[in-house]
1. Listed residues A:Thr68, A:Thr127, A:Thr108; which is among the polar types (S, T, N, Q), without any contact (Cβ under 8 Å) to a residue 24 or more places away in the chain and under 23 Å from A:Ser200 (Cβ atoms)?
2. Restricting to the stretch B:110-125, name every residue that is assigned to a helix (DSSP H, G or I) and more than 7 Å from chain A (Cβ to nearest Cβ).
3. May I ask you to list the residues in the stretch A:69-84 that are within 17 Å of the chain's Cα centre (by Cα) and facing chain B (nearest Cβ under 9 Å)?
4. Which residues, counting only those in the stretch B:153-188, are buried (at least 19 other Cβ atoms within 10 Å of the Cβ) and either among the small types (Gly, Ala, Ser) or touching a strand residue (DSSP E or B) at 6+ places or on another chain (Cβ under 9 Å) (or both)?
5. Scanning for something among the aromatic types (Phe, Trp, Tyr), assigned to a helix (DSSP H, G or I) and at pLDDT below 95, does the stretch A:28-40 turn up at least one residue?
6. Quick check, is B:Leu56 hydrophobic (A, V, I, L, M, F, W, C), in a helix (DSSP H, G or I), surrounded by fewer than 23 Cβ atoms within 10 Å (Cβ to Cβ) and touching a helix residue (DSSP H, G or I) at 6+ places or on another chain (Cβ under 7 Å)?
7. Hey, B:Ile107 hits all of (1) touching a residue at least 40 places away in the same chain (Cβ under 8 Å); (2) facing chain A (nearest Cβ under 7 Å); (3) over 22 Å from the mean Cα position of the chain (by Cα) but one; which does it fall short on?
8. Within the stretch A:155-190, restricting attention to residues that are farther than 26 Å from A:Tyr202 by Cβ and polar (S, T, N, Q), which residue is surrounded by the most Cβ atoms within 10 Å (Cβ to Cβ)?
Amino acid sequence: MISPGNIIKQAVLVFSTFLALVPTLFMIMTALKSNEEYAIDKLGLPQAPVLDHFRDVLIDSPFIGWMTNSLILVLGAVILSAVISCIAAYAIASMEFRGRDWLLATSTALMAVPPVVMIVPLFVFYTQLGLISTYAGAIIIYAGLITPFSVYLLTTFFRTIPKELFEAARMDGANSLQILWTVVLPVSLPAFVTLIIVNSLYVWNDLLIAIIFLQDDAKRTLMAGISIFQGRYNNQVPLTMAGMVIASAPMFILYILFQKHFIRGLMSGAVK
Amino acid sequence: MVMKSALRLQPYFYVLPLIVLLAFVFGYPIVRIFEFSFKMVRGVDGPWIGLRNYELVLSQGLFWESVLHNLQLLLAIPAMIAISLLVSILLYERLPGWKLYRIIVFIPFILAVPIIAVVMKRMFQFSGPVNEVLRWFSLDFMALDWIGSSNVALWTVMILIIWRESALGIILFLARLMSLDESILEAAKLDGATWRQRVWHIIIPQMRGVIEFFAVVSVITMLAAVFAYIFIMGGGRGGPGTATMVIELYIFNALIRTSLPGIAAAASVMLFLVSVLLIFPLFSARRRARAEEVGTQQ
């Protein structure tokens with residue numbers, strides 16, 4: 001089975017995989033090097049690994065606080081959007097009403113509108129209301145930005161559920177909320193996994209909304225924190241890399257632990 | 001009677017929260033950018049000034065430079081498509097180890113853009129590891145000042161964008177490949193079709209829809225969703241000088257740094273109109289991508 005063609009293919013794959021991994025490897029190896037060692041050797045494995053940079057980063061910069069803020073936003077926005085989208089998608093997929101197709105088309109079209117278009121009026125309005133640097137204010141914006149995708153995904157999924165299931169439940173005298181809860185939700189777990197993964201990645205990784213709407217030090221997200229952190233330690237590469245290892249750790253660990261769900265979720269959520 | 005009208009209204013109660021949320025986060029801002037763009041906004045409002053904001057924006061060299069940079073980033077798309085196609089088709093062959101390769105090539109998409117931009121910026125420093133490797137291979141002429149030279153900086157950002165956005169392409173293409181009808185491929189193999197023939201004549205033609213979809217999504221990304229890359233790589237200012245300035249940063253600066261919401265709104269309106277134009281190709285590409293998939297599953 002080992003043909004020359006397969007060897008070339010393997011080589012191409014190994015090379016691409018290596019390229020995909022290089023920044024992560026560089027980040028981890030450099031974080032373990034002392035400043036002196038990095039000055040002489042930028043490529044090799046750390047000869048005398050040190051953990052000092054990690055300690056310095058954690059003492060010096062509020063990474064844990066930033067992560068907590070990001071987590072609050074992810075939970076708030078993802079849950080809010082999931083609830084609102086779930087109820088709406090259920091109505092769109094299973095009920096007849098005027099304006100239904102128009103609503104779905106409009107909501108779906110909003111996926112193509114870049115977030116930067118919305119920031120000017122929202123910023124002015126939030127300044128007026130005193131909503132800048134509040135969790136609630138940012139959560140509403142994030143929830144709004146991810147909702148068109150959620151509605152599209154859930155509607156598409158709900159429409160694949162056999163009509164007979166609805167009919168049977170209705171015969172048993174269930175009202176529509178009961179049907180949603182007892183019939184639709186139990187079979188929709190895969191769609192919700194996709195929804196949670198794609199949306200959490202979006203909110204956790206966002207920088208634009210975070211630096212505009214959460215300017216207060218105490219409310220700063222991880223990504224906004226990083227952009228300040230890296231500017232402050234511009235010349236201390238190993239220290240900066242230690243910060244990046246800490247910052248990427250949560251998503252990385254989740255990805256490795258739940259790789260099956262992530263891969264399936266990303267692949268089915270990709271054609272949004 | 002009451003029961004009946006309550007039932008008729010029921011769907012509207014279900015979609016009401018959705019309408020309120022979308023109206024607030026999308027509807028309200030889209031209406032107001034148009035209004036603001038014709039006003040001299042100081043603080044929260046200001047007098048109507050006709051087209052002055054547009055005249056100002058359009059006469060500014062910096063705005064056009066930003067537009068040009070966004071357009072230059074479009075050059076990354078063919079590279080992204082080629083890389084994604086190659087890697088996803090090879091993964092689809094299920095060679096030994098393909099599951100591990102798949103986990104790793106998805107990583108760029110898991111890592112946040114700001115994190116990866118910080119790492120890449122250090123790697124591409126003049127005294128950084130990239131140049132060290134190039135010198136090691138005696139390619140000294142290629143050891144450029146990747147971050148600090150205004151002729152090169154935007155190309156360096158582009159390398160980062162290609163590196164990360166290709167992961168999305170691989171995810172999309174692989175999802176499509178997994179739903180291909182394998183019997184045709186098997187038949188072609190039995191007929192003695194070579195690997196290249198199978199890829200060119202059987203696999204790629206069936207992926208047209210998803211390739212188009214990825215291309216359109218990427219156009220939107222390059223024109224209006226590269227803020228995080230630029231903000232970190234360009235030191236928050238689109239630097240060196242204005243070498244990596246893009247429209248998003250132009251809007252950000254006008255709104256936050258110079259407090260001119262009217263100017264920011266005029267630029268936002270133009271960006272919005274471009275995104276509206278892109279909605280139609282996006283919709284038709286998505287429809288084709290989905291039709292492709294359904295077509296092969298039957």
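The values are calculated or read from the model by the stated rules, or taken from the named source; none is laboratory data. Only a predicted model underlies this, so the values are computations on that prediction, with no experimental measurement involved. Because the Cβ atoms are built from the backbone with ideal geometry, glycine has one as well, and the counts that use them run over all protein chains shown.
1. Checking each option against the conditions leaves just A:Thr68.
2. If the condition is that a residue be assigned to a helix (DSSP H, G or I) and more than 7 Å from chain A (Cβ to nearest Cβ), then B:Ala117, B:Lys121 are the ones that fit.
3. A:Leu80, A:Ser81
4. If the condition is that a residue be buried (at least 19 other Cβ atoms within 10 Å of the Cβ) and either among the small types (Gly, Ala, Ser) or touching a strand residue (DSSP E or B) at 6+ places or on another chain (Cβ under 9 Å) (or both), then B:Ala153, B:Ser166, B:Ala167, B:Gly169, B:Ala175 are the ones that fit.
5. Yes, because at least one residue in the stretch A:28-40 is among the aromatic types (Phe, Trp, Tyr), assigned to a helix (DSSP H, G or I) and at pLDDT below 95.
6. Spelling it out, B:Leu56 is indeed hydrophobic (A, V, I, L, M, F, W, C), in a helix (DSSP H, G or I), surrounded by fewer than 23 Cβ atoms within 10 Å (Cβ to Cβ) and touching a helix residue (DSSP H, G or I) at 6+ places or on another chain (Cβ under 7 Å).
7. Going through the list (1) touching a residue at least 40 places away in the same chain (Cβ under 8 Å); (2) facing chain A (nearest Cβ under 7 Å); (3) over 22 Å from the mean Cα position of the chain (by Cα), B:Ile107 breaks only (3).
8. A:Ser176
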